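Novice: I have a structure I would like to understand better, so I am pasting it below and will then ask my questions one at a time.
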Amino acid sequence: MKVLDAHGSSVDDNFLFSYEGTFDQMAEVEHGVEPFLQALAACSGKWMPDVVRGKRRRRFSREAVWEALKERRDENSTSIGLFRAHSPELDMTLSLRFPPLAPKLRIWIDVKPLSLFSETEECRSFIEMVRTWAIHYPTPYASAHSMADRELAGFPHFGREAEVSRRDGFDKVYEVCWLNIFGPKLVESVGRERMLSTPAHLVEELPNGSVLLVLRPSAADFASEEARVAQARAHVHLRPDLDFDTVLRTLKERSAALVPVEPRFHPDVAPFLSRLPDEFAISERQRKIAEFNAFRPPEPEEWLPVGLPADVENQERVRSYYGDLAESLVAALHTKVPSIFEATPESLTDLDFYFWRENFPERYERDLIDEHTAPALGAFLGGVLVRRLGGTWVPRQKLEESQVRVGNRVWLPFLRARRYMQSRQSLLDYSLTQFFKEAERHRG
């Protein structure tokens, strides 16, 4: 049963909700989880799960949830995933922790795109659901907000930062998100009257002493001028020690960092660079696009106007050796870079991307790279020039002097490969994609 990936490459922001609350350790699991399921079922959101994953995938139903929880349970915990087979994408987790550990119920909801929550009705039904959870599973703090903005703020959810915040007892309002549940301890530290008088779209005291606070009717416009002013006012109201102008300036800087930047990559490396922004956190992508827009690779220098003559006794044997070297690269990387079988310009771009993503030059042993990877890559690169540009090998005893004649120039693929494999930055400066394009331009 196929599901969509909420973390796949996309320019869209994600809507992120994180929750950790207590639940009745004396109750049966089914009884304890029932309020969670009832509220989820009552929510009319377009993001509702239709797939449950325990040890296997099932169509979403109450019974499927029970079965998944049972089959994933160990001595003191259980965890299941909830997903969607159709847009919008959903990555949702329900985790339970049992005695002797402190009983906990954790909920993680990651929906893409965030723009789904520009609809006030979508937001209203989500708020109703969270209100029910907050009543049944008391929490010290929970929130829902833009993933990109949370990343820029360094705001904790699950993980190390969240553990630190829980250890410190959520003693301060570090950030005001679109939706917030403030537990009784945090409410008392701020002052209940002050908390309830916060300027916001919705401020509601819950039966267990928690406070539900929603900044605005819609979650998706968080970066607008109006939304940032509302966010700053609420934060400063809850934290009188903060300066409004400073808080607002910081929020506006975060908004500016998320403004879409149009890709204008250098044409020789655009096929390669266009893949890189999605490898960064969504909060960093626009800044990285701007950096890559400004990047200008050095002109390739691995060529000669007049070739050196072959200085080997048996040229065919050496060319066969080059072929064996290239085949060793194919054998090593064909599962990671399937297009390598085709030895096309596109396969060179795929190799550029693979080596950069893996940070290959800096992760692997230098001896392995210098003695095996770089020579094999040089032979493969030269082979692409031969196959796709009608080039001819001119073998030399010294590997880095070995050439491929294309048109009125001879190219030095082994030298290019050695320079390419020096560092992660050198993968950009000496990309295989650019080298091929330069050789192609001079083919005539």
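Novice: Name the GluC sites (Glu not before Pro) in the range 360-444 that are in a loop by DSSP and that have at most 14 other C-beta atoms within 10 Å, would you? Before the final figure, lay out the partial values.
Specialist: Numbers: sites: Glu362, Glu365, Glu371, Glu400, Glu401, Glu438, Glu440; in loops: Glu365.
In loop regions of the range 360-444 (DSSP not H, G, I, E or B), the sparsely surrounded GluC sites (Glu not before Pro) are Glu365.
Novice: Here is a follow-up. So if I take the centroid of the Cα atoms in the range 392-440 and the same for the range 27-105, what is the distance between those two points in Å?
Specialist: Going from one Cα centre to the other spans 54 Å.
Novice: Further question on the same structure: Using each residue's phi in the range 434-441, evaluate 6.51 cos²θ - 1.76 cosθ + 1.60 at θ = phi - 60° and report the 3J(HN,Hα) Karplus result to the nearest Hz, with x for Gly and Pro.
Specialist: 5, 4, 5, 4, 5, 5, 4, 4
Novice: Once both axes come from the Cα atoms, what is the angle between helix 244-257 and the longest principal axis of the chain, in degrees from 0 to 90, rounded to 10?
Specialist: Around 40 degrees separate the two axes.
Novice: If you put +1 on each Lys and Arg Cβ and -1 on each Asp and Glu Cβ, how big is the dipole of the range 265-375 around its Cα centre, in Debye rounded to 20? Before the final figure, lay out the partial values.
Specialist: On the way: 11 positive and 23 negative charges, 109 e Å.
Charge dipole of the range 265-375: 520 debye, to the nearest 20.
Novice: Let me ask something else. For His31, His201, His266, give me the order by solvent-accessible area with a 1.4 Å probe, most accessible first, ignoring ligands, DNA and RNA. Walk me through the numbers before you get to the answer.
Specialist: Numbers: His31 130, His201 100, His266 45 Å².
The residues order as His31, His201, His266, largest area first.
Novice: Under 10 Å, Cα contacts only: if you run a Gaussian network model on the chain, which one of Pro263, Pro305, Pro375 comes out with the highest mean-square fluctuation?
Specialist: Greatest mean-square fluctuation among the candidates belongs to Pro305.
Novice: If you don't mind, there's one more thing I want to ask. Return the single residue from Gln397, Gln286, Gln422 with maximal mean-square fluctuation; model: Gaussian network over the chain, springs between Cα atoms under 10 Å.
Specialist: Residue with maximal mean-square fluctuation among Gln397, Gln286, Gln422: Gln397.
Novice: Pull out a ≥ b ≥ c, the square roots of the eigenvalues of the alpha-carbon gyration tensor of the range 292-332, then state rounded if a/c is under 1.5, prolate if not and a/b is larger than b/c, and oblate in the remaining case.
Specialist: Working: a/c = 7.34, a/b = 1.46, b/c = 5.02.
Oblate, since a/c reaches 1.5 and b/c is not below a/b.
Novice: Enter the accessible area per residue of the chain (Å², integer; probe 1.4 Å; all protein chains in place).
Specialist: Averaged over the residues of the chain, the accessible area is 46 Å².
Novice: Moving to a separate point now. What ³J(HN,Hα) values, in whole Hz, does the Karplus curve 6.51 cos²θ - 1.76 cosθ + 1.60 give for the range 124-132 when θ = phi - 60°, with x put for Gly and Pro?
Specialist: Karplus values, whole Hz, x for Gly and Pro: 4, 5, 5, 4, 4, 5, 5, 4, 4.
Novice: What does the helix-only formula give at 222 nm for the chain: each DSSP H stretch with n ≥ 4 adding -39500 (n - 2.57), the total divided by the residues, and the result rounded to the nearest 500 deg cm²/dmol?
Specialist: -12500 deg cm²/dmol
Novice: Counting only the backbone N, which residues of the range 401-444 are under 15 Å from the spot 7 Å out from the Cα of Ala332 toward its beta-carbon?
Specialist: 414, 417-423
Novice: Let me ask you something else. Once you have the Cα-Cα distance between Arg443 and Asn208, take 0.36 nm times their residue separation minus that, and quote the gain in nm to one decimal.
Specialist: On the way: separation 235, 0.36 × 235 = 84.60 nm, distance 7.61 nm.
Full extension from Arg443 to Asn208 adds 77.0 nm.
Novice: If you don't mind, there's one more thing I want to ask. What residue among Gln425, Gln434, Gln403 has the largest mean-square fluctuation in a Gaussian network model of the chain, using Cα springs under 10 Å?
Specialist: Among Gln425, Gln434, Gln403, the largest GNM mean-square fluctuation belongs to Gln425.
Novice: Computed from these coordinates, which is percent of Cα pairs over 28 Å apart: [x] 70; [y] 61; [z] 51?
Specialist: Correct label, based on the coordinates given: [y].
Novice: Here's another thing I want to ask about it. How far, in degrees from 0 to 90, does helix 225-238 lean away from the longest principal axis of the Cα atoms of the chain, to the nearest 10?
Specialist: 50 degrees
Novice: Also, I was wondering about something else. Using θ = phi - 60° and the Karplus relation 6.51 cos²θ - 1.76 cosθ + 1.60, list the HN-Hα couplings for the range 401-406 in order, rounded to whole Hz, with x at every Gly or Pro.
Specialist: Rounded to whole hertz, the list is 8, 5, 10, 10, 7, 10.
Novice: Shifting gears a bit: Excluding Gln397 itself, what net charge comes from residues whose Cβ is under 11 Å from its Cβ, given Lys and Arg +1 and Asp and Glu -1?
Specialist: Numbers: positive: Arg396, Lys398; negative: Asp311, Glu313, Glu400, Glu401.
With Lys, Arg at +1 and Asp, Glu at -1, the net is -2.
The values are calculated or read from the model by the stated rules, or taken from the named source; none is laboratory data. Just so you know, these numbers come straight off a predicted model, no measurement behind them. Glycine also receives a Cβ, built like all others from the backbone with ideal geometry; neighbour counts cover every protein chain displayed. What goes into the accessible areas is simple: the full protein's heavy atoms, side chains included, and nothing from ligands, DNA or RNA. Shrake-Rupley method; radii C 1.70, N 1.55, O 1.52, S 1.80 Å.
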